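Notes follow the structure.
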Amino acid sequence: MLVLHGGVNRALLSHEITAGGRAFFGHLSQATGCINALDVGSARGEVRNTTMELLYAQYMQYKADDAP
């Protein structure tokens, strides 16, 4: 589904950011025609990270293991 209207995007993003809460983040920047991708796992509580997020987590673990 594509929803390309700033107000609708803000409402949907606000809903997702608050895990279904009723807060509205009207200050979220939405350029004209922007697209927001929400990656939702197939199982409840499943963690799905981007490649950069995985690399950062590995780096932080390496730094922690290497600390004196």
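Residues are listed down the side, and each one gets a yes or a no for (1) loosely packed, with under 10 Cβ neighbours inside 10 Å; (2) modelled with pLDDT of 80 or more; (3) at negative phi:
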residue: 12; (1), (2), (3): no, yes, yes
residue: 15; (1), (2), (3): no, yes, yes
residue: 19; (1), (2), (3): yes, yes, no
residue: 38; (1), (2), (3): yes, no, yes
residue: 42; (1), (2), (3): yes, no, yes
residue: 46; (1), (2), (3): yes, no, yes
residue: 67; (1), (2), (3): yes, no, yes
Legend entry - Long-range neighbours under 7 Å by Cβ, at least six apart or interchain, first residue under 19 Å from residue 37 (Cβ atoms) within segment 47-68, second of a type in the set (D, E, K, R): 48/39
Legend entry - Contacts under 7 angstrom Cβ, first residue in segment 24-43 being small (Gly, Ala, Ser), partner at pLDDT 75 or above, 6 or more apart: 26/10
Legend entry - Subset of segment 25-36 [farther than 15 Å from residue 5 by Cβ and surrounded by 11 or more Cβ atoms within 10 Å (Cβ to Cβ)]: 25
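The values are calculated or read from the model by the stated rules, or taken from the named source; none is laboratory data. Quick caveat: nothing in here was measured; it's all calculated off a predicted structure. Cβ sites come from the backbone with ideal geometry, for glycine too, and all protein chains shown count toward neighbours.
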